[in-house]
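Worksheet: the structure to be examined is printed underneath.
The values are calculated or read from the model by the stated rules, or taken from the named source; none is laboratory data. Bear in mind the structure is a predicted one, so any value in this text is a computation, not a measurement. Methodologically, a virtual Cβ is constructed for each residue, glycine included, from the backbone with ideal geometry; neighbour enumeration extends over all protein chains shown. The accessibility values were calculated without ligands, DNA or RNA, using every heavy atom of the protein model including side chains. Shrake-Rupley method; radii C 1.70, N 1.55, O 1.52, S 1.80 Å.
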Amino acid sequence: MKSDKLLNAMGNLSDDLINEARPGKGRTLGRSRRWSRWVAAALAAVLVLVAAVGAGASMGVFHQVEDPFTAMFRLPDKVGPLDMELVEKMGQQVGVSAVSNGVTITVDSALRDRHIYMMLLSIHMEGLDENTLELDKVVPGGCLKGLGGSSWGAMDLEPGDDTIQIRMQFMHDEGFSDEPVKLTLERLVLNPRQLLREKTIAGTWTLEFDVDYEDLTVELPGGQEAEATGIPLRIEEVTVSPLSIMAKFTAYPGDRDWDVERTAVRHGDIALINRLSELDIEMKTIDGMKIALPHYSAETNIQGAGGNLDVDNPGEDGGCAGYTILYFDRPVSLDEIASVTVEGIEIPLE
């Protein structure tokens, strides 16, 4: 799988792509039912799939989105009004555009914390409402290098204006650097998989920008012993912000045949390696309500997730390093949160 396929249309977390983007890391072998639910919801809202290519970034919003922040989150009609005080601390409107071959792409806005970077892009092309477009190549650069995962989904906020919006999410388990974002998009396919109508449009759009944000991340104590489906693990680190939760851990799966596990993944089974790379994590509010439910639940306040279990590089004690990241379908004030629970181990926010 080529690295230029890193950004996978409609939010599927492609494990081979992540591995290639993160050399030396373990494989994320990923069934992701949570991602499937997200994709299903996104498909219901998608009217046109598109990404754009171009060159020569410039300042100034080409197409002003009325609400450039709520649209970053899935099913915004169910999310409700966002806490704009939180939004203003974590991101801003951007307004960087690039144009090529009659296509304009604009970064309308961005939100971020240490481990999640969310963007809303507007793509405009004359006659777009009568066609479909798919992204062929995305090259993340700047602080987006070494990603732990990425996803994107499309929606048409104003039908009839030849403009659609793309929401993008990027994950980084080690934390994004202080570099600005550099996102290069190359080549798109017009009317893909349509006989006699499919056409490749070549070009390069490079979008560079930075976001002034306040790091609201809270670090919780680690070292707790837990288990997942009978496999012992040690919680190494937990961080929570208004956008996401991340848990780093060490799992001790014993003498497993990981080739068999990988075969199970390819056949769509819920293999052990998938389960261990996506731990059950939930939050409780100060009044006892759950905000983020475990990812095997039918109900969830999770917009997306990713994880990794490095089974190819176990430590001397046989432990395999892993992480799980969940990001929410709305910003959550940490003043509301009493605790985070990882695989049954409750850790209070103090």
* Restrict the check to the range 112-122 and report whether at least one residue is in a strand (DSSP E or B), in contact with an Asp or Glu (Cβ under 9 Å, 6 or more places away or on another chain) and open to solvent by 30 Å² or more (accessible area, probe 1.4 Å). => no
* To do: Check whether at least one residue in the range 299-310 is loosely packed, with under 15 Cβ neighbours inside 10 Å and under 24 Å from the mean Cα position of the chain (by Cα), and report yes or no.
  => yes
* Might you check whether a residue that is within 26 Å of the chain's Cα centre (by Cα), closer than 15 Å to Leu309 by Cα and open to solvent by 10 Å² or more (accessible area, probe 1.4 Å) occurs anywhere in the range 196-208? => no
* Can we say Asp269 is assigned to a loop (DSSP other than H, G, I, E, B), at pLDDT below 85 and either of a type in the set (Asp, Glu) or closer than 12 Å to Ala247 by Cβ (or both)? -> yes
* State whether the residues of the range 152-161 include one that is within 19 Å of Val107 (Cα to Cα) and in contact with an Asp or Glu (Cβ under 6 Å, 6 or more places away or on another chain). => no
* Within the range 296-337, track down each residue that is within 30 Å of Thr285 (Cβ to Cβ), part of a loop (DSSP other than H, G, I, E, B) and of a type outside the set (Phe, Trp, Tyr). => Ser297, Ala298, Glu299, Thr300, Asn301, Asp329, Arg330, Pro331, Val332, Ser333
* Asked: Quick check: anything in the range 176-186 touching a Leu at 6+ places or on another chain (Cβ under 8 Å) and among the charged types (D, E, K, R)?
  -> yes
* To do: List the number of the failed condition for Arg187; all other conditions in (1) out of contact with any strand residue (DSSP E or B) (no Cβ under 6 Å at 6 or more places or on another chain); (2) surrounded by fewer than 19 Cβ atoms within 10 Å (Cβ to Cβ) hold.
  => (1)
* Structure fact -> Flagged pairs (Cβ under 7 angstrom, 6 or more apart or on separate chains; first in the range 125-136, closer than 11 Å to Gly102 by Cα and free of Cβ contacts under 8 Å to residues at least 60 places away in the same chain; second aromatic (Phe, Trp, Tyr) and part of a helix (DSSP H, G or I)) are none
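Got at least one residue in the range 300-308 being under 25 Å from Ile231 (Cβ atoms), out of contact with any Ser or Thr (no Cβ under 9 Å at 6 or more places or on another chain) and not aliphatic (A, V, I, L, M)?
yes
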* Give the residue, chosen from Pro192, Pro221, Pro232, Pro159, that is under 18 Å from Leu279 (Cβ atoms) and touching a residue at least 24 places away in the same chain (Cβ under 8 Å). => Pro221
* Asked: Of all the residues that make up the range 244-260, how many are open to solvent by 70 Å² or more (accessible area, probe 1.4 Å) and either touching a strand residue (DSSP E or B) at 6+ places or on another chain (Cβ under 7 Å) or touching a residue at least 12 places away in the same chain (Cβ under 8 Å) (or both)?
  -> 1
* Asked: Of all residues in the range 218-243 being at pLDDT 95 or above and polar (S, T, N, Q), which is most open to solvent (accessible area, probe 1.4 Å)?
  -> Gln224
* Asked: Can you spot a residue in the range 284-293 that is within 22 Å of Arg234 (Cβ to Cβ), at pLDDT 85 or above and either open to solvent by 70 Å² or more (accessible area, probe 1.4 Å) or not polar (S, T, N, Q) (or both)?
  -> no
* To do: Return yes when Leu147 is among the aliphatic types (A, V, I, L, M), open to solvent by 30 Å² or more (accessible area, probe 1.4 Å) and either outside any strand (DSSP E or B) or over 28 Å from Val240 (Cβ atoms) (or both) and no when it is not.
  => no
